[in-house]
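These notes are about the structure you will find just below.
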Amino acid sequence: MSSSTVRVRFAPSPTGYLHVGGVRTALFNWLYARKTGGKFILRIEDTDIQRNKEEATQIIINGLKWCGLHWDEGPDIGGPCAPYFQSQRMGHYKVVGDALEKAGLAYWAKKDSAGGLPEWKIEKLKKQGKWDEEKAQAAADPNPALYLKVDLNGRSEVVFEDAVKGTIAKPAATYQEEDGVTGKDFVIMRGNGMPVYNFACVIDDVDMRISHVIRGDDHVENTFRQIFIYEALAKLPEGALPNAPKIPVFAHLPMIFNEEGKKISKRRDPVAITLYQACGLLPEAMINFEALLGWSPGNEHEVMPMEEIIREFSFDRIKSASAQFTLNRKLPPPVAAGGATTDPEVEAQIVEWLSECLKGSKLEWINGEYMRKLDAAELVKRVEPFLLKKGYDVSHHSPAWLKNVLQMEQERSKTLKQLAENVALFFNAPTKLEPKAVDKVLKKNDGIAVLQEMRGVLAGVEEWAGPALDNAVKHFAESKGKKLGDVAQPLRVALSGTTVSPPIHDTLHLLGQAECLRRIDFALTQVC
């Protein structure tokens, strides 16, 4: 297939936040389009009226844009196959349904339900892959539903070639009634005129000339049903559809599992992409990590610019085994961890928990690698929203001062959120000293006396610059016969309230003489 005919799509339902699994699906579609010079299409499948949320569409769009996955056609930019909302295509689905009925390929009927099954039985059937949700909904509807006539064409099995998994086949008996001959017809339109997922999906893919359907392997069963729909559409008279129905290439991606070997779920896993934004991850790092969920570049590279990922991407490097999304969880989530929330307190709890889970993870490591590559101007731009969120007033400082402060902590910060936290001492003076720091530093090795004398030394420094301050601290240590740390640590506790800070001469320089003396005076009042 020539690159000009490659057309792929990401088709989320606007029922909530953008899921990390959805981002992986969108990414692999986007990569294939960019690799081949094809088109990447965004389609919103909003026919589930009860679960749809108006704001969710914008959340999805914003999330994809944050990830850098821009589309060539879609609801916000239009395109030759508009509209890109299924809710705006309802009339077309009815026209196609009517055409199938007229051609004798579908029929309206009211079929009895299997009886009022208990919930536990329904759940068991779902786990076994034997529950037909569309049929159940049709049975509960007082109106007839439109059923597609399943034509097995004498096949002993239904089979398709998957670009990732190879040959996938199911016995034809799976789609036969108990008589072993008659096809097991299935619903394509409900009694209320709403198309079921598989029907609307196929019609849209035909209309939008989708050449490759790249999606999670939980859709494999849908693929078999969709093949029957494609075959029925192909029997319609010429001109019944804008484009000739052609079964696309299917590529089913491995499911994503957490570190416990369970499929990621919003009930137990942090899956909303907005949570990772709030934790201070860079979009390029998040995308780099997601690209490795089930795909390998064929070498040892793990930190790759987008150009390299596009160049190396291919279906034959997508693994069929499940992908692992591993965090370092020490505690269970404080609340349901999966998604965004309108409660800022709840979101803050989840973000803090997730930030801890990210520590030591591969995702955090990749993000740290990208963090270190940011130049000073870009670093300021990226971290400024996190500084403002913490209430820091950056307007009183020069751009050069802010760059210097951030670059000091850039190396040891793995996320933008961490960086904002690590520079706190430059924006907020400590209101109390850490008790352990007082006991370990100020109350030992003449720490209080050192701090008192250094206060006088610093008050007399005329050139408040890094080299001069470094010399002042070293000279004082030598004159007293002390190690440099025995002088630097009392200063560090006074200036930060803890035993951790950047190099002491840099900390002194950036805080300024007046602020340093004020903080030392405050510290002395706390221990003297």
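The values are calculated or read from the model by the stated rules, or taken from the named source; none is laboratory data. Keep in mind that this is a model prediction, so the values were computed, not measured. Glycine also receives a Cβ, built like all others from the backbone with ideal geometry; neighbour counts cover every protein chain displayed. When the accessible area is computed, the model is the full protein with side chains, heavy atoms only, and any ligands, DNA or RNA have been set aside. Shrake-Rupley method; radii C 1.70, N 1.55, O 1.52, S 1.80 Å.
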Computed from the mean reciprocal separation of all distinct C-alpha pairs, what Kirkwood hydrodynamic radius does region 327-397 have, in Å?
14.3 Å
Mind checking the dipole of region 46-109: about its Cα centre, +1 per Lys or Arg Cβ, -1 per Asp or Glu Cβ, Debye to the nearest 20?
120 debye
Rounded to the nearest Å, what's the spacing between the alpha carbon centres of region 463-528 and region 370-410? Just the number, please.
23 Å
What order do you get for 183-191, 464-472 when each peptide is scored by the mean count of other beta carbon atoms within 10 Å, highest first?
183-191, 464-472
Beta bridges by DSSP in the chain, antiparallel share as percent, to the nearest 5:
60 percent
For Lys474, the lysines lying under 28 Å Cα to Cα, once residues fewer than eight places off in the same chain are dropped, come out as Lys403, Lys432, Lys436, Lys440, Lys443, Lys444, Lys482, Lys483
Relative contact order as a percentage, the chain, C-alpha pairs under 8 Å and 6+ apart, gives 12 percent
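Could you give the length gained on full extension between Lys53 and Ser320, defined as 0.36 nm per residue of separation minus the Cα-Cα distance, in nm?
Extra length available between Lys53 and Ser320 comes to 92.8 nm.
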May I ask you to order 291-304, 353-366 by the average number of other C-beta atoms within 10 Å around their residues, highest value first?
353-366, 291-304
If you roll a 1.4 Å probe over the heavy atoms of the protein chains, what accessible area per residue do you get for the chain, in Å²?
47 Å²
Can you give me the distance in nm between label points at Asp446 and Glu231, each placed 7 Å from the Cα along the Cα-to-Cβ direction?
9.3 nm
For region 421-429, just list the computed ³J(HN,Hα) in residue order, Karplus coefficients 6.51, -1.76 and 1.60, θ = phi - 60°, integers in Hz, with x standing in for Gly and Pro.
6, 6, 9, 4, 5, 7, 10, 10, 6
With the cut-off at 13 Å, report for region 379-425 the share of all Cα pairs above it, as a whole percent.
48 percent
Taking the alpha-carbon set of the chain, what are its Rg and Dmax in Å?
30.7, 101
With axes computed from alpha carbons, what is the tilt in degrees of helix 399-410 against the longest principal axis of the chain, rounded to the nearest 10 within 0 to 90?
80 degrees
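Add +1 for every Lys or Arg and -1 for every Asp or Glu among the other residues with Cβ under 11 Å from the Cβ of Arg268, and state the total.
That works out to +3.
Work out the length of the dipole vector of the chain about its Cα centre, built from +1 on the beta-carbon of each Lys and Arg and -1 on the beta-carbon of each Asp and Glu, and round it to the nearest 20 debye. Walk me through the numbers on the way to the answer.
On the way: 67 positive and 70 negative charges, 144 e Å.
I would put it at about 700 debye.
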Taking the alpha-carbon set of region 374-528, what are its Rg and Dmax in Å?
15.7, 46
When the charge dipole of the chain is computed with +1 at the Cβ of Lys and Arg and -1 at the Cβ of Asp and Glu, the Cα pointing farthest to the positive end, of Gly104, Ala82, Ala163, is that of Ala163
Sparsely packed trypsin sites (Lys or Arg not before Pro) within region 390-469, loop by DSSP, other Cβ within 10 Å at most 10
Lys432
Counting only protein heavy atoms with a 1.4 Å probe and every protein chain in place, the carbon and sulfur fraction of the accessible surface of region 384-440 in whole percent equals 52 percent
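For Trp401 and Ser479, calculate 0.36 nm times their separation in residues minus their Cα-Cα distance, and state this gained length in nm to one decimal.
Numbers: separation 78, 0.36 × 78 = 28.08 nm, distance 3.21 nm.
24.9 nm is the gain from fully extending Trp401 to Ser479.
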Over region 278-358: Rg over Rh, Cα atoms, Kirkwood Rh:
1.06
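Filter the GluC sites (Glu not before Pro) in region 411-498 down to the DSSP loop ones having no more than 16 other Cβ atoms within 10 Å, then list what survives. If you can, show how the numbers build up before the last one.
Details: sites: Glu411, Glu421, Glu453, Glu462, Glu463, Glu478; in loops: Glu411, Glu462, Glu463.
Passing sites in region 411-498 are Glu411, Glu462, Glu463.
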Can you pull the percent of Cα pairs in region 238-302 with separation above 14 Å?
74 percent
From the cross-link list Lys39/Lys102; Lys263/Lys390; Lys330/Lys389; Lys263/Lys414; Lys170/Lys319, which pairs have alpha carbons spaced over 31 Å apart?
Lys39/Lys102; Lys263/Lys390
